[in-house]
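Scroll down for the structure; my scribbles are underneath it.
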Amino acid sequence: MMGSQMIALTDHSNSESEPTGISLSELAQGWAKYWSTPGTPFWWRAAPPASGPWPSLPKSADVVVIGAGFTGLSAALVLTRAGRQVALVDAGAPGFGASTRNGGQVGSGNQKFRVKTLIRMMGERKAIELLREGVEMLDGIEALVKQENIDCSFARCGRFRGAMRPEHYDSMARDMEDLRRYSGVDSFMVARQEQHKEIGTDLFYGGSLVPHDASLHPGRYHSGLLERVIEAGATVHGDAPVRGITTDNSSHIVHFDRAQIRARNILVATNGYTKNVGAFFRKRIVPIRSAQLTTEIIPAQTFARLMPTRRVYGNTNRVFFYFRPAPNENRLIWGGRANHFAKDTALAAYAHLARDVLRTFPALGDVKVAYAWSGLIGYTYDEFPHLGRSPEGIYYAMGYCGTGVSRSTHFGQKIALQMLGNARGRSAFDGLTFPSHVFHTLARPAMPLVEAWYRARDITGL
Ligand SMILES: Cc1cc2nc3c(=O)[nH]c(=O)nc-3n(C[C@H](O)[C@H](O)[C@H](O)COP(=O)(O)OP(=O)(O)OC[C@H]3O[C@@H](n4cnc5c(N)ncnc54)[C@H](O)[C@@H]3O)c2cc1C
């Protein structure tokens, strides 16, 4: 039971048998015959998604929040505590989207552009504001987790980013210096001859270390937030896909299969899963599939050699991979883009991840893959996240471009405060033009080509 609303949990926690019996080297070679329960995120094992029965949809509400991921939940918490009657709806189970499928790496939201590029694009003053708000996002999620007493293994573990080429090391060093200068983010460089203290691989030409970046268990963070939202008094409705929104002078109507809710305000918090909430959003968000795998438990000695400092890790490629240890367990959690040519329920969709693991840690060939799954990230045409109001007056916060754990929490809070008319809702991201694309229908099918081009540039260094 969560708060006053009863929520049932689906049990995925059978620790005796893990879903696949295939090793990393078999997966890398494309063997797929042992795949039994594909697609289930590892995080659901400790934090199974909530399931119904859900309360019936109300006829009216002050606010309908569409999408029960981190954005929707953090907004609903602020709104409900401010006395608004909130109906939080999701097409699937709350958290079905990226919020319970991600890598749980938490950064300051500054990772998308180099500092110099950001200054060139936005001017120095605006760039500094954006960078500093990024730092606020990281501090904010830590404060929220503490304040709400959410047990999600939040840790300031630090982030190591490996240089894939010698010249990447030098440009990262310059960027880290700029980041310190403009936003006060601490970092240091780790030379190649020193990197074994951080990571047991020879793949990288050294790397950067941001010691205050963090990690958490996204499933438990999500279920903790959900619990607080229900305790605060919002009603949560899973399996309630919105089919459309209409607007008249004074209010909006949210349409479901057999019901509708009239609401003074609506927040669209659907990010990469955006569907049936209007053309304004459809034209601005490009969903991109991203994939993860988790290994079985690796012997402690081997694990300590590979990731002695238990940080979160990434690399400098355009099509990059990222990884980390599981919270309190010696499992490797590895992420990267999905294979666009294979279904996410087919093992082939994850073979390239296994190849990247083995390029980095060749000794792990016999280690079994326990889980593999994917989810959708919401990309924007300018690679900035956006919050604001559509021409129809619908509030939105979305477009985190794959780095959304702290951003979505922060944007959810900000947009809720804006809805309340609270000055604390002001954001450096206010007023950025949210670009659409005339050829938006082609964006999704074009993704494999764009990615292949970037991969080729990663390989050739061009
Ligand atoms: C595989 C993967 C790995 C990632 N790794 C990281 C990471 O390590 N660090 C990081 O910072 N970020 C990461 N991200 C990104 C991060 O998870 C997201 O940016 C963040 O969770 C977005 O939260 P959200 O609440 O906006 O959207 P989501 O959590 O995606 O929720 C959107 C919800 O909207 C619902 N919805 C959509 N349309 C409708 C409709 N018509 N009616 C009702 N409901 C609807 C969906 O069902 C969904 O549940 C990753 C993402 C993926 C997919």
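Every number here is computed from the coordinates shown, using simple stated rules; none is lab data. Note that the structure is a prediction, hence the values are computed from the model and not measured. Glycine gets a Cβ as well: all are built from the backbone with ideal geometry, and neighbour counts include every protein chain shown.
Structural remarks
- Distance between modelled label sites at Arg389 and Gln193, nm, 7 Å Cα→Cβ extension: 6.1
- Computed on the Cα atoms alone, the convex hull of segment 270-341 gives a volume of 145 cubic angstrom per residue.
- Once both labels are positioned 7 Å from their Cα atoms along Cα-to-Cβ, the gap between Lys116 and Phe341 label points is 3.7 nm.
- Overall shape of the chain was characterised from the C-alpha gyration tensor. The equivalent ellipsoid obtained from it has semi-axes of 35, 26, 21 Å, in decreasing order.
- Relative packing of 241-250, 119-128, 203-212, 394-403, which averages over residues the other C-beta atoms within 10 Å, highest first: 394-403, 203-212, 119-128, 241-250
- Estimated Rh, segment 208-316: Kirkwood, alpha-carbon pairs, angstrom: 18.7
- Charged-residue dipole, Cβ positions (Lys, Arg, Asp, Glu), the chain about Cα centre, Debye nearest 20: 840
- Potential extension, Asn276-Asp430 segment - 0.36 nm per residue separation minus Cα distance: 53.0 nm
- Highest average first, the peptides 257-264, 156-163 ordered by how many other beta carbon atoms sit within 10 Å of their residues are 156-163, 257-264.
- Dividing the Cα radius of gyration of segment 336-391 by 2.2 N^0.38 Å, with N the residue count, gives 1.62.
- Exposure proxy ranking, count of Cβ atoms within 10 Å, fewest first, for Glu227, Glu392: Glu392, Glu227
- Segment 72-103 versus segment 153-227: alpha-carbon centroid distance in Å: 29
- Here the spin labels are modelled as points 7 Å beyond Cα on the Cα-Cβ line, and at Asp366 and Ser251 they lie 6.6 nm apart.
- Over segment 202-242, equivalent-ellipsoid semi-axes from the Cα gyration tensor in Å: 38, 14, 8
- Entry note, the chain: the mean residue ellipticity at 222 nm calculated from DSSP H runs of n ≥ 4, each adding -39500 (n - 2.57), is -9500 deg cm²/dmol after division by the residues and rounding to the nearest 500.
- Counting only alpha carbon atoms, the long axis of helix 124-147 and the longest principal axis of the chain meet at about 80°.
- Fewest-first sequence of Ser183, Ser60, Ser25, Ser406 by Cβ atoms within 10 Å of each Cβ: Ser60, Ser25, Ser183, Ser406
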